[in-house]
Amino acid sequence: RASAEDVEAAVTRAALEHASQVLLARQHVALVSHAAVLCFRRGAVERGRTLFEGLVAAYPKRTDLWHVYADQELAAGDVGAARRVLDRATALRLSATRLKALFKKYLGLEQEHGDEARIKYVT
């Protein structure tokens, strides 16, 4: 017998598929990003991660996605996962402006949740 979470996941998947067919291609990223955020907020963290992983794999230079992904991991209480996301994002070949914003977020995370060694690692 299917649990309530399984049913909700199936409905969410079906709604995402239908919306992807109806919306313009340029709106897909925003749709999937919003769906991933909702998954994080509703407690389906693994589903949210899967959606974000697909997005950052397809659009690695979209730093806005990396920022939201790290924020959601932090909001879910997983500082280690947020660190891993920001580590991956800062390792990409991006412009100085985009990297500066990512490092600023990473430094803020470490100042709030890390120790002196982690702050030094980021700087």
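The values are calculated or read from the model by the stated rules, or taken from the named source; none is laboratory data. This is a predicted model, so every value here is computed, not measured. With ideal geometry, Cβ positions are generated from the backbone for all residues, glycine too; neighbour counts draw on all protein chains shown. Heavy atoms of the whole protein, side chains included, go into the accessibility calculation; ligands, DNA and RNA do not. Shrake-Rupley method; radii C 1.70, N 1.55, O 1.52, S 1.80 Å.
Taking all protein chains as present, what is the carbon and sulfur share of the accessible area of the chain, in % to the nearest whole number, probe 1.4 Å?
Carbon and sulfur: 56 percent of the exposed surface of the chain.
Just tell me the longest site-free run in the chain, where the sites are trypsin sites (Lys or Arg not before Pro) in a DSSP loop having at most 11 other beta-carbon atoms within 10 Å.
With trypsin sites (Lys or Arg not before Pro) excluded where exposed in loops, the chain gives 2-92 as its longest stretch.
Take the chain, drop everything but the C-alpha atoms, weight them equally and run the Debye formula without solvent; then report log10 I(q)/I(0) at 0.10 Å⁻¹ to two decimals.
Results for the chain at q = 0.10 Å⁻¹ read -0.36.
If you split all Cα-Cα distances of the range 63-103 into 10 Å bins from zero, what percentages do you get per bin, shortest first?
Going from the shortest bin to the longest, the percentages are 33, 54, 13.
Is any residue of the range 35-64 close enough, with backbone N under 16 Å, to a label point placed 7 angstrom from the Cα of residue 13 along the Cα-Cβ axis, and if so, which?
Inside the label zone: 36, 39, 44-52, 54.
Leaving out ligands and nucleic acids, note down the accessible area per residue over the chain with a 1.4 angstrom probe, in whole Å². Before the final figure, lay out each step's value.
Numbers: 7860 Å² over 123 residues.
Ligands and nucleic acids excluded, the result is 64 Å² per residue.
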